[in-house]
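All of the numbers you see were taken from the coordinates with simple rules; none came from a lab. Since this is a predicted model, take the numbers as computed values, not measurements. Cβ: placed from backbone, ideal geometry, glycine included. Neighbour counts: every protein chain shown.
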Amino acid sequence: MSSLSQNILSFFEKKGGPRLTLQTSLKDDLVLDSLDITSIIMDIEKKYKINFDDVVTDRSQTIETIGDVVKIVETLMQLKNKHKIPFPLLPIF
């Protein structure tokens, strides 16, 4: 399991205990409602400086497992690194 996957799992361990896997269902196994899921996703977005809205239009229908969250974060991190600017932008006067 990648370190990213382990880090994402740690966000959910607070809600469901230490025996979580990538196949753990957010609604069925962890019994999270949409507010809980949104709160955790916001914490993940803040830590990784990403925005799920860039790739997910309806969170409640597309994010069912912890593995789904990991895939989205991996995609967003790849996009973020692909478009990374190697030098700071300076204002143009």
**Message:** Longer than 21 Å from Cα to Cα, which of 14/46; 27/49; 15/80; 27/80; 14/82 are they? Say none if no pair is.
**Reply:** 27/49; 15/80; 27/80; 14/82
**Complete:** Sorted by chain and then number, the residues having a modelled amide H within less than 5 Å of the amide H of residue 65, at least 5 places away or on another chain, are 26
**Prompt:** What is the spin-label model distance, in nm, from residue 75 to residue 19 if the labels are put 7 Å beyond Cα along the C-beta direction?
**Reply:** 3.1 nm
**Prompt:** With θ set to phi - 60° and the Karplus curve 6.51 cos²θ - 1.76 cosθ + 1.60, what are the ³J(HN,Hα) couplings of region 26-43 in order, to the nearest whole Hz, using x for Gly and Pro?
**Reply:** 5, 8, 7, 7, 8, 6, 8, 8, 4, 5, 4, 4, 4, 4, 5, 4, 5, 5
**Request:** Sort 45-53, 23-31 for me by packing, meaning the mean count of neighbouring Cβ atoms within 10 Å per residue, highest on top.
**Result:** 23-31, 45-53
**Request:** Excluding residues on the same chain fewer than 8 positions from residue 47, give the aspartates and glutamates whose Cα lies under 14 Å from its Cα.
**Result:** 74
**Message:** For the ranges 69-80, 33-44, what's the packing order if you count other beta-carbon atoms within 10 Å of each residue, average per peptide, and put the highest first?
**Reply:** 69-80, 33-44
